[in-house]
């Protein structure tokens, strides 16, 4: 009777260890999602990236370009609104914190928006 209990215990332990090893190998604890980049009239750059919940955004992705504008990063909403996830050099500025796939939107800065090229009126006294 004791032998049967020991054998049953050993089999159960072996199954538990096998299950634990399988879960660790599958890395079921990390959730991944697809981020699509809406370039907002820009060209080039990455089209999408795979992101992992609570991890930094993937690095080494190329930035888009748009004639007459400077790229200002990727945001959760249009016109540079909402959470910023990438800066102008495509460096992660925030860990991915959304439990879903979604689209990020390019922010474009026109030189006049940055204070460059603004006209100044001079008055003669």
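The figures follow:
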{"read-out": "Selection from region 52-76 of residues that are closer than 25 Å to residue 112 by Cβ and within 14 Å of the chain's Cα centre (by Cα)", "value": "63, 73, 74, 75"}
{"read-out": "Some residue of region 100-113 being modelled with pLDDT of 95 or more and part of a loop (DSSP other than H, G, I, E, B)", "value": "yes"}
{"read-out": "Matching entry among 80, 72 (being touching a helix residue (DSSP H, G or I) at 6+ places or on another chain (Cβ under 8 Å) and surrounded by 12 or more Cβ atoms within 10 Å (Cβ to Cβ))", "value": "72"}
{"read-out": "Identity of the residue in region 32-44, under 19 Å from residue 110 (Cα atoms) and touching a strand residue (DSSP E or B) at 6+ places or on another chain (Cβ under 7 Å), that ends up surrounded by the most Cβ atoms within 10 Å (Cβ to Cβ)", "value": "39"}
{"read-out": "Residue count for region 52-82, restricted to those that are part of a strand (DSSP E or B) and touching a residue at least 24 places away in the same chain (Cβ under 8 Å)", "value": "7"}
{"read-out": "Enumeration of residues in region 55-65 that are closer than 16 Å to residue 110 by Cα and surrounded by fewer than 18 Cβ atoms within 10 Å (Cβ to Cβ)", "value": "65"}
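The values are calculated or read from the model by the stated rules, or taken from the named source; none is laboratory data. No experiment lies behind these values; they were computed from the predicted model shown. Because the Cβ atoms are built from the backbone with ideal geometry, glycine has one as well, and the counts that use them run over all protein chains shown.
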